[in-house]
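The values are calculated or read from the model by the stated rules, or taken from the named source; none is laboratory data. Since the model is a prediction, treat every value here as computed from it, not as a measurement. Note: ideal-geometry Cβ built from the backbone for every residue, glycine included; neighbour counts use all protein chains shown.
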Amino acid sequence: MPASKLHKLVWFVPREALEQTRAAVFEAGAGRIGDYTRCSWYTAGTGTFLAGQTTKPTVGEVGREERVAELRVETVVPVEVTGEVVRALLAAHPYEEVAYELYPLVEIEA
């Protein structure tokens, strides 16, 4: 199967930062499927982390395991703008360390 010209970008964000992160990645070129723009999908979940002594967590306290209500957000990104989109996400995200995933997609000939 040939590689697609798209990647899937997934990130985890508190609800209050959903729209600012979506706007940033869309402005950088993500979220287009055919003639549709600003395409994404998200669902709620719980993120966990333990902040080390040298961190400055946006949420929670150093040395205490935290459980935070977050959204998992997904969108598609054209291969040629992947770097710009990820940099836009990182700049717009409120966390010190941003949890995100990037997957190559496979194109199926129908």
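Taking the conditions (1) over 19 Å from Tyr103 (Cβ atoms); (2) among the basic types (Lys, Arg); (3) touching a Gly at 6+ places or on another chain (Cβ under 9 Å) in turn, Arg15 satisfies each one other than (3).
Can you tell which of Thr48, Thr55, Thr75 is part of a strand (DSSP E or B) and more than 15 Å from the chain's Cα centre (by Cα)? Checking each option against the conditions leaves just Thr48. Among the residues examined, Ala23 does not qualify as touching an Asp or Glu at 6+ places or on another chain (Cβ under 8 Å) and in a helix (DSSP H, G or I). For the stretch 60-103, the set of residues classified as loosely packed, with under 15 Cβ neighbours inside 10 Å and under 12 Å from Phe12 (Cβ atoms) consists of Ala69, Pro94, Glu97, Ala99, Glu101, listed by residue number.
Yes/no per residue for (1) of a type in the set (Gly, Ala, Ser); (2) under 23 Å from Leu105 (Cβ atoms); (3) at pLDDT 95 or above:
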position	(1), (2), (3)
Val13	no, yes, yes
Ala28	yes, yes, yes
Lys56	no, no, no
Val79	no, yes, yes
